[in-house]
Amino acid sequence: MIDVHEVHKHFGGFHAVDGATLSIAEGSITGLIGPNGAGKTTLFNVIAGVLQPTSGKVTMAGEDITGLPPHDLFHKGLLRTFQIAHEFSSMSCRENLMMVPGNQSGEKLWNTWFGRKRIAEEERALRAKADAVLDFLTISHLADQKAGEISGGQKKLLELGRTMMVDAKIVFLDEVGAGVNRTLLNTIGDAILRLNKERGYTFVVIEHDMDFIERLCDPVICMAEGKVLAEGTLAEIKANEHVIEAYLGTGLKHRDKVGT
Ligand SMILES: Nc1ncnc2c1ncn2[C@@H]1O[C@H](COP(=O)(O)OP(=O)(O)O)[C@@H](O)[C@H]1O
Ligand SMILES: [Mg+2]
């Protein structure tokens, strides 16, 4: 579905991504792991159009999408979750979801004069959709709560929920588990699995929590120093010499700690 070919991203003389080549299979939940500074987030940002690559190519279903802005990728169904922006924190969780789909009639002045009935209908449909998403994510009880007042883990669920308001095909998740308690992390994992199975979402997941990766991801791709080191099942990755070396190089002493 996504092919990354020889992508480089340099910051001055520093090669954050240094010739990465990988493929994301349609329908997969692919894990992306690697020590801090490996270039995972930078690669995500290049694929998602947030950063322009220095060189290299990214294709989606065979179509060249290199350097397309996030907005265009959004319309192709490629989404990267972002933290709930500060300005949305005083809006309710439901309203945050209702904000996502663009091109609503209500945004156009012409319609506010001539199409009140249609706007009211669209609002209702949008509200019903937002409520269905909150229900799917088991956070219906937070519908009217301000997004700024919910817990970190609940925010992650809400961010995932935003991808459900549009017809996403592939979703990139960067460290959804960071600072999230075990129960919520399991809920997030459940939601990802259901979206994958029931709605055919493809996921690429950067995560340090290896239990989470093990439960969700196949294959797993390991990066270090801007390059792809290995790809396989988590068990294969953990047994891979280059991977162990890369993690040892960051000061970890035991193979079982890969990714922590
Ligand atoms: N905007 C930037 N300017 C300069 N260096 C950057 C920038 N973004 C990331 N880096 C550097 O690139 C390297 C890879 O970063 P990152 O992609 O965030 O790694 P990871 O997500 O794997 O931890 C790091 O050494 C980081 O300091
Ligand atoms: Mg990162």
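Here are a few things to note about the model shown:
- The criterion of at least 1 residues that are touching a Cys at 6+ places or on another chain (Cβ under 9 Å), closer than 24 Å to Gly249 by Cβ and touching a residue at least 60 places away in the same chain (Cβ under 8 Å) is met by the following strands (runs of 3 or more DSSP E) wholly inside segment 1-78: 29-33.
- The listed residue being modelled with pLDDT under 95 and either surrounded by 14 or more Cβ atoms within 10 Å (Cβ to Cβ) or within 14 Å of ligand 1 (Cβ to nearest atom) (or both), out of Val46, Val4, Val50: Val50
- Selection status of Asn196, more than 21 Å from Glu26 (Cα to Cα), of a type in the set (S, T, N, Q) and more than 16 Å from ligand 2 (Cβ to nearest atom): no
- Here Ser105 does not fit the description of being at pLDDT 95 or above and away from ligand 2 (no atom under 16 Å from the Cβ).
- Once segment 173-193 is narrowed to residues that are small (Gly, Ala, Ser) and either within 9 Å of Lys156 (Cα to Cα) or at pLDDT 90 or above (or both), the residue that is farthest from ligand 2 (Cβ to nearest atom) is Ala191.
- The residues of segment 205-249 that are acidic (Asp, Glu) and surrounded by fewer than 22 Cβ atoms within 10 Å (Cβ to Cβ), listed by number, are Asp209, Asp211, Glu214, Asp218, Glu225, Glu231, Glu236, Glu241, Glu245.
- The number of residues in segment 201-221 being under 14 Å from the mean Cα position of the chain (by Cα) and of a type in the set (Phe, Trp, Tyr) comes to 2.
- Candidate set from segment 163-189 (those that are over 15 Å from the mean Cα position of the chain (by Cα) and away from ligand 1 (no atom under 16 Å from the Cβ)); member that is surrounded by the fewest Cβ atoms within 10 Å (Cβ to Cβ): Thr183
The values are calculated or read from the model by the stated rules, or taken from the named source; none is laboratory data. Note that this is a predicted model, so its numbers are computed, not measured. All Cβ positions, glycine included, derive from the backbone under ideal geometry; neighbour counts span all protein chains shown.
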